[in-house]
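Trainee: Sharing a structure here in structure tokens format.
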Amino acid sequence: MSEFKKVVFSGVQPTGNLHLGNYLGAIRKFVALQEGNDCIYCVVDMHALTAQLVHDDMPNQIRSIAAAFIASGIDPEKHIVFNQSAVPQHAELAWIFNCVARLGWMNRMTQFKDKAGKDREQASLGLYAYPSLMAADILVYRGTHVPVGDDQKQHLELARDIAMKFNLDYAQHIRKTGYGIDITVGDEPVHAYFPMVEPLIDGPAPRVMSLRDGTKKMSKSDPSDLSRINLMDDEDAISKKIRKAKTDPEGLPCEVDGLKGRPEADNLVGIYAALADKSKADVLSEFGGQQFSVFKPALVDLAVNVLSPITAEMRRLMSDTSHIDAILRNGGERARARAEVTMKEVRDIVGFLY
């Protein structure tokens with residue numbers, strides 16, 4: 001092997017209802033990446049324990065994420081769709097990476113600081129070590145590319161640091177076993193077992209904000225259901241939420257610069273642009289000078305037109321979960337087979353007997 005085969009990996013946590021921000025910011029990109037790529041899409045249920053230890057309905061949360069993948073257009077036969085806990089090699093490699101990663105690296109992770117809050121002594125070790133498991137999720141398939149948002153870029157940098165340190169620490173063992181590939185990192189030649197993971201950024205990702213506060217991201221955890229459009233919302237719910245979305249008294253500007261300092265207006269225009277595959281400038285050329293009383297009904301129609309087929313298919317899949325369960329089982333078997341190839345070689349490199 002003269003270079004790493006391109007493998008795209010990404011995962012979504014089964015915590016709460018998926019919403020429009022998840023679809024526009026991640027899942028729609030997953031669908032597009034299927035063309036010409038080997039894709040592995042994971043429901044990261046092990047990560048979900050870091051957000052909340054006890055889940056009352058974890059199986060259906062897992063199923064709903066998988067249903068959203070399938071309903072949005074991901075092909076589970078050509079690519080792999082599975083849940084993380086079905087592949088124990090993720091946890092096995094994560095332990096090795098826990099021993100590779102340095103405390104100083106982990107202490108720099110801003111997401112831990114944000115999620116742990118002021119009382120960090122009460123945070124779980126799982127939350128602290130989350131980025132190490134994330135690196136293992138990707139690298140157990142020797143993944144080369146990950147579609148990421150701004151909030152995950154730091155974790156991807158950590159995955160690169162862990163991969164590089166493993167490659168350097170075990171350089172002689174990698175050569176001895178014959179599993180490595182000669183690559184160049186910067187100007188430095190490295191005989192590597194793990195690739196340097198690259199982010200996949202295809203243009204500016206739509207940043208979907210709360211319908212009740214344009215300065216905050218649309219979130220599963222927001223106590224107000226009116227703040228988000230859930231992928232399982234029906235037409236009436238979508239219409240109600242958009243019509244009640246916070247705005248300001250001014251009409252829509254004719255130029256994009258006119259959205260500055262108007263976060264709610266900017267958010268609704270951005271949502272319309274993302275759903276219609278247009279630029280904000282294109283949207284404003286159509287609606288500039290109009291009041292929100294004209295724009296909101298048009299946004300309702302567009303959102304319903306795009307989301308209704310996905311919602312209907314998700315509801316169909318969730319009404320009889322046997323099909324989703326079969327997809328996850330099949331994906332888990334295929335993922336385990338690939339992950340075990342990596343782990344067999346990693347065990348050889350590390351020097352484990354098995």
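The values are calculated or read from the model by the stated rules, or taken from the named source; none is laboratory data. Given the structure is predicted, the values throughout are model-derived calculations rather than measurements. Every residue, glycine among them, receives a Cβ derived from its backbone with ideal geometry; neighbour counts consider all protein chains shown. In case anyone asks, the SASA skips ligands and DNA or RNA and just uses the protein heavy atoms, side chains included. Shrake-Rupley method; radii C 1.70, N 1.55, O 1.52, S 1.80 Å.
Trainee: Using alpha carbons only, how many angstrom separate the centre of the range 39-78 from the centre of the range 94-122?
Mentor: Going from one Cα centre to the other spans 24 Å.
Trainee: Let me ask another. List every residue whose amide H lies under 5 Å from the amide H of Asp38, counting only residues 5 or more places away in sequence or on a different chain, with H placed 1.01 Å from N in the peptide plane.
Mentor: Excluding prolines and chain starts, which carry no amide H, the hits are Val8.
Trainee: Sticking with this one: Fully extended, how many nm does the chain gain between Ser285 and Arg207 (0.36 nm per residue separation, minus their Cα-Cα distance)?
Mentor: Full extension from Ser285 to Arg207 adds 26.0 nm.
Trainee: Let me ask something else. Averaged per residue, what accessible surface does the chain expose to a 1.4 Å probe, in Å²?
Mentor: Numbers: 16990 Å² over 354 residues.
Spelled out: the 1.4 Å probe surface of the chain, per residue, equals 48 Å².
Trainee: State the antiparallel share, in %, of DSSP beta bridges confined to the chain, rounding to the nearest 5.
Mentor: In the chain, approximately 35 percent of DSSP beta bridges are antiparallel ones.
Trainee: What is the distance in Å between the Cα centres of the range 269-300 and the range 314-354?
Mentor: 42 Å
Trainee: D for the range 1-105, whole µm²/s, Stokes-Einstein with Kirkwood Rh over alpha-carbon pairs at 4 °C and 1.567 mPa s: what number?
Mentor: Details: Rh = 15.2 Å.
It diffuses with D of about 85 µm²/s by this estimate.
Trainee: Under a 1.4 angstrom probe, counting protein chains only, how are Arg207, Arg63 ranked by accessible area, largest first?
Mentor: Sorted by accessible area, descending: Arg207, Arg63.
Trainee: Could you rank the peptides 170-183, 229-242 by their average count of other C-beta atoms within 10 Å per residue, with the highest value first?
Mentor: Taking the mean over residues of other Cβ atoms within 10 Å, the ranking is 229-242, 170-183.
Trainee: Calculate the spin-label point distance for Ala91 paired with Leu302, positioning each point 7 Å from the Cα along the beta-carbon direction, and give it in nanometres.
Mentor: 4.6 nm
Trainee: Enumerate the amide H contacts of Arg207 below 5 Å, restricted to partners 5 or more residues apart or on another chain; note that Pro and chain-start residues carry no placed amide H.
Mentor: Residues meeting the amide H criterion: none.
Trainee: Could you work out the mean projected area of the convex hull around the alpha carbons of the range 39-191, in square nanometres to one decimal?
Mentor: Dividing the Cα hull surface by four gives the mean projection, 11.1 nm².
Trainee: Highest mean first, how do 116-129, 90-103 rank when packing is the count of other Cβ atoms within 10 Å averaged over residues?
Mentor: 90-103, 116-129
Trainee: Counting each pair of different Cα atoms once, what's the Kirkwood radius of the range 215-354 in Å, rounded to one decimal?
Mentor: Kirkwood hydrodynamic radius for the range 215-354: 18.5 Å.
Trainee: Something else about it: Report the one residue of Gly143, Ala192, Val208 whose Cα lies farthest in the direction of the positive end of the charge dipole of the chain (charges on C-beta: Lys and Arg +1, Asp and Glu -1; origin at the Cα centre).
Mentor: Ala192
Trainee: Could you give me the percent of Cα pairs per 20 Å distance bin for the chain, shortest bin first, beginning at zero and ending with the bin that holds the maximum distance?
Mentor: Calculated over all Cα pairs of the chain, the distribution is 28, 54, 18, 1 percent.
Trainee: When the chain is fully extended, how far beyond the present Cα-Cα distance does Asn37 get from Asp57, taking 0.36 nm per residue of separation?
Mentor: Here the segment from Asn37 to Asp57 would lengthen by 3.9 nm.
Trainee: Quick one: with all protein chains in place, what share of the accessible area of the range 300-343 is carbon or sulfur, to the nearest percent (1.4 Å probe)?
Mentor: Summing carbon and sulfur atoms, their accessible area is 52 percent of the total for the range 300-343.
Trainee: Right, next: Calculated from DSSP H runs of 4 or more alone, at -39500 (n - 2.57) each and per residue, what is the 222 nm mean residue ellipticity of the chain, nearest 500?
Mentor: Details: 14 runs with 179 residues, N = 354.
It lands at -16000 deg cm²/dmol.
Trainee: Across the range 243-307, how large is the tail of the calculated P(r) beyond 20 Å, expressed as a percent of all Cα pairs?
Mentor: Above the 20 Å cut-off, the range 243-307 has 15 percent of its Cα pairs.
Trainee: Rounded to the nearest percent, how much of the accessible area of the range 76-196 (1.4 Å probe, protein heavy atoms only) is carbon and sulfur? Show your work: numbers first, answer last.
Mentor: Working: 2940 of 5880 Å².
Reported share for carbon and sulfur atoms: 50 percent.
Trainee: Among 269-275, 307-313, how do they line up by average Cβ neighbours within 10 Å per residue, starting with the highest?
Mentor: 269-275, 307-313
Trainee: Which residues among the range 56-87 fall inside the zone where the amide N is under 19 Å from a point 7 Å beyond the Cα of Asn330, along Cα→Cβ?
Mentor: 63-84, 86-87
Trainee: Structure shown: which of Lys113/Lys153; Lys165/Lys220; Lys113/Lys240; Lys29/Lys220 lie over 26 Å apart, alpha-carbon to alpha-carbon?
Mentor: Where the Cα-Cα span goes over 26 Å, the pairs concerned are Lys165/Lys220; Lys113/Lys240.
Trainee: Continuing with this model, one more query. In debye to the nearest 20, how big a dipole does the chain give about its Cα centre with +1 on each Lys and Arg Cβ and -1 on each Asp and Glu Cβ? Please list the in-between numbers first.
Mentor: On the way: 42 positive and 47 negative charges, 104 e Å.
Here the size comes out at about 500 debye.
Trainee: When you have a sec, figure out the Kirkwood radius of the range 138-207 from all distinct Cα pair distances and drop it here in Å to one decimal?
Mentor: Values: mean 1/r = 0.0765 Å⁻¹.
About 13.1 Å, per the Kirkwood formula over Cα pairs.
Trainee: Relative to the Cα centre, what is the charge dipole magnitude of the range 123-182, using +1 at the beta carbon of each Lys and Arg, -1 at the beta carbon of each Asp and Glu, and rounding to the nearest 20 debye?
Mentor: That gives a dipole near 300 debye.
Trainee: Give me the one-decimal nm value for the distance between modelled label points at Val341 and Ile183, 7 Å along each residue's Cα-to-Cβ direction.
Mentor: With each label placed 7 Å out from Cα toward Cβ, I get 1.7 nm.
Trainee: Let me know the whole percent of all Cα-Cα pairs from the range 182-260 that are separated by more than 17 Å.
Mentor: Within the range 182-260, distances greater than 17 Å cover 67 percent of Cα pairs.
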